[in-house]
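Below is one structure, written out as structure tokens; comments come after it.
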Amino acid sequence: MSITRILPVRHSLLLLLLYIGCFQTSYARSFYSDNSIQKRNNLEDETPACQIYCYGPLLHTVQMAQLYQDSKTFVDMKLKLTPEQTYSEFEAFMTSKNHTPTTDEIREFVNNHFDDLGKEFVPWIPDDWTDHPAFIDDINDPDLKQWGMDLNGIWKDLGRKMIEDVHMNPHFYSIIPVNHPVIVPGGRFIEFYYWDSYWIIRGLLYSEMTHTAKGMLQNFMSIIERFGFIPNGGRIYYAGRSQPPLLAAMIDSYVDFTNDKHFGIDALDILEREFEYWMNNHTVQAKGYNICAYSNSAPGPRPESYREDVETSKVFPTEEEKEAHYNELKAAAESGMDFSSRWFINDQGGITGNLTNLKTRSIVPVELNAILYWNAKIIAKFHKQAGNESKSDEYEKKAAYILQAIEAVHWNEEAGVWLDYDLINNKPRNHFVPTNLSPLWTRAYDSNLADKISTAVLKYIETMELDKYPGGVPNTLYRTGEQWDYPNVWPPMQYVLVEGLDNLGTEGAKNISAKWGHRWLTSNFEAYRESRAMFEKYDAERFGGHGGGGEYDVQKGFGWSNGIIIEFLKKYGKEISLSNKGNDGGNQPKSDEIF
Ligand SMILES: *[C@@H]1O[C@H](CO)[C@@H](O)[C@H](O)[C@H]1NC(C)=O
Ligand SMILES: *[C@@H]1O[C@H](CO)[C@@H](O)[C@H](O)[C@H]1NC(C)=O
Ligand SMILES: *[C@@H]1O[C@H](CO)[C@@H](O)[C@H](O)[C@H]1NC(C)=O
Ligand SMILES: *[C@@H]1O[C@H](CO)[C@@H](O)[C@H](O)[C@H]1NC(C)=O
């Protein structure tokens, strides 16, 4: 079987000349060895501030000086002068310091040329916020009801509106200007993120904030119009990487809640454009199918974690290998699971290792293809609603092809579940990740086979002992210290499991879905009761425990956590009670009063 990857176009002579023309100092030329010169994507090409925030000697010098505890701080700071002025003053500064400035001198340069971070946004109370959305009335337990009220209130803390200056002087900021206010995740994440917004928007819709949700969708659509894809988050330095493509599903949710079918139909051009971007720019071949994997098209270390990436790249002797490593890091960031042993392939083809073993681009991920199937189905549906049968058929055919590819590449009869596929060793990766069940969530399976799939999947859950964790199903079963590994439990993945098993529709699948849904609600409530906070991630080993590990401190807020709990309160609020409170988890026998 031949496996070839279709990589973004590498450098052409013309681009090389253009590029060298941009960086004329000898410093720049020596910093960029030839093999790091490649075609940049259109976001970077069209954005002058990228020479400050995305790549280049200024970014390198400042980030390597480690002025801030979190590398993301610098790239979120506002410029005092234009990017061009800043850049030329930086060159003069470097020359005057003989290209070896001290840390204090770099700090002084930054203080003179940058303002504090967070200047682009002001807090914003959503205009459609109400204090008593209807989902509250579906909750019986008084403590849970109050919690629902509190969570609804947190939307007001997470609302952000861009100041006028961002639109007038966009080049002074790393933020991508958008017209409508947004709900941000919280903590260090002070801008919008792509896949987070799926669960945030569903939460907003349950909170009856359809206008806010619509504005966020319009922002995303305008970003696709401008750049051809949605970057990982709302900053220019996320150029070259997206995140799991959930815009179509967000719009589908919006249309479901509002019955505004025109909104979906009007979005068709943009949704098709995003779909094409994924199908053209992320394609690999496996078992004779064109199928998608996460990738990246912007060279260099992640700007927001620059020094960290340079550090892990040190074990690689050549520039080419370092660049490959940066690509793997950014592709993992594109998956949203940064970082995880899920993306490790060591020299023996095994999963143990560290970040230097990242091979994200060579692993075909189940959920990406399941989500792309969903995209094709949604686009087909909107075309049908628009009365365009031929376009609808075209997208049904695309969906059917992806479904076939998922069955051939991902479905694993022995494991009884879908598995990621390793393109280096041509073999399935038989390791647990919640995404192994993600086709259930996006309905990327043949519904005629629901009984057979249900038997297989329930057996898999039993074999892997996925029900034994009091704090929810962990992201992997390996403890590596990375944040998307054991024992961390991630809200979107609990959602994928609970909704997927519910969709499957068999009694056994529905039972385990409800059990995990209840456990997620009560465990999150326990954490909230103790700390009055919602967390980005939680702890499988402790009922009510929250997560840690990875590159940064655990974040509070938190957009997707709140959105998912609001949806689960709506879903289970009538049947769940805390009077029989606390730990339903682990292998303890089920109590009839809870279930
Ligand atoms: C996708 O790939 C094509 C062909 O390589 C390239 O021209 C285009 O700029 C890429 N799109 C984006 C948004 O990066
Ligand atoms: C990662 O593993 C490689 C190879 O085993 C080793 O050389 C390197 O020091 C490790 N890096 C870290 C950060 O642990
Ligand atoms: C369906 O869409 C295609 C492509 O946009 C267009 O050429 C065709 O006229 C449309 N057909 C109908 C019935 O609207
Ligand atoms: C599902 O749960 C119900 C209620 O607890 C129980 O009666 C039934 O036997 C369960 N079914 C399966 C297939 O586990």
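Before moving on, here are some points about what is shown:
- Subset of the range 310-334 [within 13 Å of ligand 2 (Cβ to nearest atom), hydrophobic (A, V, I, L, M, F, W, C) and closer than 22 Å to Ser242 by Cα]: Val310, Leu329
- Hits in the range 185-194 (condition: over 16 Å from Asp150 (Cα atoms) and surrounded by fewer than 24 Cβ atoms within 10 Å (Cβ to Cβ)): Gly187, Arg188, Phe189, Ile190, Glu191, Tyr193
- Pick from the range 510-543, criterion assigned to a loop (DSSP other than H, G, I, E, B) and not aliphatic (A, V, I, L, M), ranking: nearest to ligand 2 (Cβ to nearest atom): Lys537
- Verdict on Leu329 being farther than 30 Å from Ser253 by Cβ, aliphatic (A, V, I, L, M) and at pLDDT 95 or above: yes
- Test: Trp520 is away from ligand 3 (no atom under 16 Å from the Cβ), under 23 Å from Thr352 (Cα atoms), of a type in the set (Phe, Trp, Tyr) and surrounded by 23 or more Cβ atoms within 10 Å (Cβ to Cβ): no
For every residue, the table says whether it meets (1) touching a Lys or Arg at 6+ places or on another chain (Cβ under 7 Å); (2) at pLDDT 95 or above; (3) surrounded by fewer than 16 Cβ atoms within 10 Å (Cβ to Cβ).
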{"position": "Tyr27", "(1), (2), (3)": "no, no, no"}
{"position": "Ser30", "(1), (2), (3)": "no, no, yes"}
{"position": "Cys54", "(1), (2), (3)": "no, yes, no"}
{"position": "Gln66", "(1), (2), (3)": "yes, yes, yes"}
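- Restricted to helices (runs of 4 or more DSSP H) entirely inside the range 383-471, those with at least 1 residues that are without any contact (Cβ under 8 Å) to a residue 12 or more places away in the chain are 389-409, 450-463.
- Looking only at the range 244-262, and only at residues there that are farther than 14 Å from Lys384 by Cα and more than 19 Å from the chain's Cα centre (by Cα), the one that is nearest to ligand 1 (Cβ to nearest atom): Tyr254
- Ile371 vs. criteria more than 12 Å from ligand 2 (Cβ to nearest atom), touching a residue at least 60 places away in the same chain (Cβ under 8 Å) and over 19 Å from Gln483 (Cβ atoms): yes
- Of all residues in the range 494-517 being closer than 16 Å to Gly573 by Cβ and surrounded by fewer than 20 Cβ atoms within 10 Å (Cβ to Cβ), the one that is nearest to ligand 4 (Cβ to nearest atom): Ala514
- Among the criteria (1) touching a Ser or Thr at 6+ places or on another chain (Cβ under 7 Å); (2) outside any helix (DSSP H, G or I), the one Asp338 does not fulfil is (1).
- Just one of the listed residues (Thr455, Thr476) is over 21 Å from Tyr572 (Cβ atoms), more than 16 Å from ligand 3 (Cβ to nearest atom), β-branched (Val, Ile, Thr) and within 27 Å of the chain's Cα centre (by Cα), namely Thr476.
- Selection from the range 196-208 of residues that are part of a loop (DSSP other than H, G, I, E, B) and surrounded by 24 or more Cβ atoms within 10 Å (Cβ to Cβ): Ser207
The rows are residues; the columns are (1) without any contact (Cβ under 8 Å) to a residue 40 or more places away in the chain; (2) part of a helix (DSSP H, G or I); (3) in contact with a strand residue (DSSP E or B) (Cβ under 6 Å, 6 or more places away or on another chain); (4) within 29 Å of Glu536 (Cβ to Cβ).
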residue: Glu321; (1), (2), (3), (4): yes, yes, no, no
residue: Ala331; (1), (2), (3), (4): no, yes, no, yes
residue: Glu334; (1), (2), (3), (4): no, yes, no, yes
residue: Ile351; (1), (2), (3), (4): no, no, yes, yes
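- In the range 387-436, residue nearest to ligand 2 (Cβ to nearest atom) [restricted to those that are of a type in the set (Lys, Arg) and surrounded by fewer than 18 Cβ atoms within 10 Å (Cβ to Cβ)]: Lys427
- When Glu274 is tested against (1) over 19 Å from the mean Cα position of the chain (by Cα); (2) more than 16 Å from ligand 2 (Cβ to nearest atom), exactly one condition is not met: (1).
- Scan of the range 189-213 for residues that are within 27 Å of Thr82 (Cβ to Cβ) and charged (D, E, K, R), ordered by number: Glu191
- Residue list for the range 148-182, restricted to those being in contact with a Gly (Cβ under 9 Å, 6 or more places away or on another chain), surrounded by fewer than 19 Cβ atoms within 10 Å (Cβ to Cβ) and in a helix (DSSP H, G or I): Asp157
- Qualifying residue in the range 92-105 (condition: surrounded by 17 or more Cβ atoms within 10 Å (Cβ to Cβ), modelled with pLDDT of 95 or more and not in a loop (DSSP other than H, G, I, E, B)): yes
- Identity of the residue in the range 293-304, outside any helix (DSSP H, G or I) and over 16 Å from the mean Cα position of the chain (by Cα), that ends up farthest from ligand 1 (Cβ to nearest atom): Pro301
- One residue stands out in the range 106-144 among those that are hydrophobic (A, V, I, L, M, F, W, C) and assigned to a loop (DSSP other than H, G, I, E, B): the one that is surrounded by the most Cβ atoms within 10 Å (Cβ to Cβ), namely Ile139.
- Subset of the range 324-347 that is surrounded by fewer than 19 Cβ atoms within 10 Å (Cβ to Cβ) and farther than 12 Å from Asp422 by Cα - its residue that is nearest to ligand 1 (Cβ to nearest atom): Ala324
- Residue match in the range 571-593 (condition: modelled with pLDDT of 60 or more and not in a loop (DSSP other than H, G, I, E, B)): yes
The values are calculated or read from the model by the stated rules, or taken from the named source; none is laboratory data. Fair warning: this is a prediction, and the values are worked out from it, not measured in the lab. Neighbour counts run over all protein chains shown; Cβ positions are idealised from the backbone, glycine included.
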